[in-house]
Amino acid sequence: MNRTTTLAEGQTLPTSSFGPVTQTDIVRFAGAGGDFNPLHHDADYAQRAGLPGVIAMGQMQAGILAAWLSDAVHIENVLAYSVRFASPLAIGEILELSGTVESVVDGAATLVLLASVGDRAVVHGKATVRTD
């Protein structure tokens, strides 16, 4: 079934949040993706690298943002998705997910996406989605 989404320029998508992020969230993602960099599971190592502690891998935040987008506009309508990492996500933080329709042209909308912690951007995203 192909569900369409009606979007208008300037429209904001319903926001959502994920977290607080736990060490278990990070370890589960590491196991699924095979990213066993010690920054993601060894607090002493992360602190020696100049971080306050363990951080989540960027692809975890990108995946959370993509899942939220897919739920909001229906996965079959996502035509393109890209992200830029802005800052790390630490254990205990809550990731806030938001998006705005930048433009709608010829049945496709360009969305500006953001995963943030408070006023701090964690991931900037862009997506193109099919509209009706």
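Every number in this text was worked out from the coordinates using simple rules, so none of it is lab data. Keep in mind it's a predicted model, so treat the numbers as computed, not measured. Note that we place each Cβ from the backbone using ideal geometry, even for glycine, and neighbour counts take in every protein chain shown.
Worth a mention:
- Ordered by the number of other Cβ atoms lying within 10 Å of each residue's own Cβ, fewest first, Phe36, Phe18 fall into the sequence Phe36, Phe18.
- Ascending count of other beta-carbon atoms within 10 Å, so fewest first, for Thr110, Thr22: Thr22, Thr110
- With helices as the sole contributors, the chain gives -7500 deg cm²/dmol at 222 nm; each DSSP H run of n ≥ 4 counts as -39500 (n - 2.57), and the sum is divided by every residue.
- For the pair Ser87 and Glu102, label points projected 7 Å from Cα toward Cβ lie 2.2 nm apart.
- Check: the range 16-130 dipole with +1 on Lys, Arg Cβ and -1 on Asp, Glu Cβ, in debye: 160
- Summed residue charge, Cβ within 12 Å of Arg130's Cβ, Lys/Arg positive, Asp/Glu negative: -2
- Net +/- balance of residues flanking Ala80 in space, Cβ distance below 12 Å, scoring K and R +1, D and E -1: +2
- Projected label points at Val112 and Ala32, each 7 Å from Cα along the beta carbon direction, are separated by 2.9 nanometres.
- Legend: ranking of residues Asp44, Asp25 from fewest to most surrounding C-beta atoms inside 10 Å; resulting order Asp44, Asp25.
- Cα gyration tensor shape for the chain, rounded if a/c is under 1.5, else prolate or oblate: prolate
- Using θ = phi - 60° in the Karplus curve 6.51 cos²θ - 1.76 cosθ + 1.60, the 3J(HN,Hα) couplings for the range 108-123 round to 9, 10, 9, 10, 9, 10, 8, 10, 9, 10, x, 8, 9, 5, 10, 9 Hz; x is entered for Gly and Pro.
- Cα convex hull volume per residue for the range 24-65 (Å³): 64
- Cβ-defined net charge surrounding Val117, 10 Å radius [Lys, Arg +1; Asp, Glu -1]: -2
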